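Before any comments, here is the structure.
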Amino acid sequence: MAAPLRRPVMPFTSNILPTNIYSRSKNPSIATNIEQQYPQHGNGNDDPESPQQRHLSVSILEDQFPASYRRDNELEAPQGIPPLSWIEEELNPTRLHKIINYLWLAGRPVPPRPLHYQVMLGREIVISEPIDMHLVWGNGKIYIKPIPRYLLNLRFWSEVLVCRCFPSPSRPGKYGVETSVNGMDIEGEQRKCNCHAQRARQCALGLLLQYAALIVYESDFLIALEKKLIPLMDWPRWRLLVRELVQSTDNDTSLVYTNVAERYIYGELRLNRLNLISFVKGGMLRGGHLAMWNSYGTLYRDNSNAIIGGTVYILLLLSAMQVGLSTTKLADDDVFQEVSYGFTIFSIMVPLVAMVVSAIFFGALILINLVRTRHFEEQRAKRLGRTWRDTSVEKRTGKTSRIDRKEVPFGAPEVA
């Protein structure tokens, strides 16, 4: 029997972070001034806010977002709260969602294991802001995305992550007209919605639930503080956050996972298997989930190891055959003579062919990357409306570049 629909609730009911971002400011007068003027800011109660309190609260929320965003290889620094589509891009692991049907090959659909257990396994905790690398492990490392400060701000959940696809004008709320949350309207009716707010909310809730599994004991909490995975807070505040996350669904965590994005149902993911899935789905030329080699030298060395290992094995077989041919019984065996002859030709040709094919492959790979890089440079120059290559300027305009012109003193007439 399906669980009855419930009116969605907030993941927590009070601000988890300290009163304001200036409470630990290097200038104590600033923190004291603000706390005296707005002593009730961020306490999570239902008291109406004054315009000054609201302005300060919104300003604090704005300062908790990244300083800039990279979009289409361009840096953009929005004023105020970024658009919901940008927030969704930061929290939504789209690359993993594209291979969600194969994600079971890389990990299990269970919460991740605590941080102290990751350290016990000998894994180095590495900060990774790209959400696609969150909780991906390999080569003795596990990549973890720190919790964005705005995810622990109640105003972000109550005003920003609100789906406005199905408004209910008859039900005014604390911040104006209440709208649908988690794809459900105020009356609890299930609605299908896939807007930016809905997807961002599902991803944000999933990230918090994964951190609830990562930080179980106080030792995990201390590791998270040391690695700068969570904002500066105390242990009771963290326990409050986890308790409210779980109790928001009557201690039934299975109901929580009905409102999270699909990737966050899985815990830790193996990097080598993600790379394998990416190679099979997209091809080797498109690369894996994370670059396995940082130079052509390491790429050639790692792939040459297989050829070297195969050659050593062939040498062992040839040595064994040579010993067999020295015996009277095998020396007079026609079948063994034919096998030895065929394997000798095979051992000569296979390593040679493998080296030639490998050289052709790496040469083609380098050439393709050079062509792609040059094409990208041209597209980038066209997008910027300028160029920085003198030869291209001469070919396109037929004029000498300013750099090649004879320098003359300032104010003197140029001589043709």
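See the values below:
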| quantity | calculated |
| --- | --- |
| Charge-dipole axis of segment 296-385 as Lys and Arg at +1 and Asp and Glu at -1 on Cβ define it, positive-most pick from Val335, Phe361, Val350 | Phe361 |
| Integer Hz, Karplus 6.51/-1.76/1.60 couplings in order for segment 75-84, x for Gly and Pro | 8, 10, 10, x, 8, x, 6, x, x, 4 |
| Convex hull (Cα only) mean projected area of segment 296-385, reported in nm² to one decimal | 7.2 |
| Amide hydrogen neighbours beyond the local backbone of Leu269, cut-off 5 Å, H modeled | Val136, Trp137 |
| Residue order, fewest to most beta carbons within 10 Å, for Lys145, Lys281 | Lys281, Lys145 |
| Residues Leu225, Leu370, Leu115, sorted so that the one with the fewest Cβ neighbours within 10 Å comes first | Leu370, Leu225, Leu115 |
| Built amide H within the under 5 Å cut-off of Lys145, gap 5+ | Ser128, Leu135 |
| Amide H contacts under 5 Å for Glu124, placed H, 5+ residues apart | Lys141, Ile142 |
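No value in this document is a laboratory result; all are computed from the given coordinates. Since the model is a prediction, treat every value here as computed from it, not as a measurement. We place every Cβ from the backbone using ideal geometry, glycine too, and count neighbours over all the protein chains shown.
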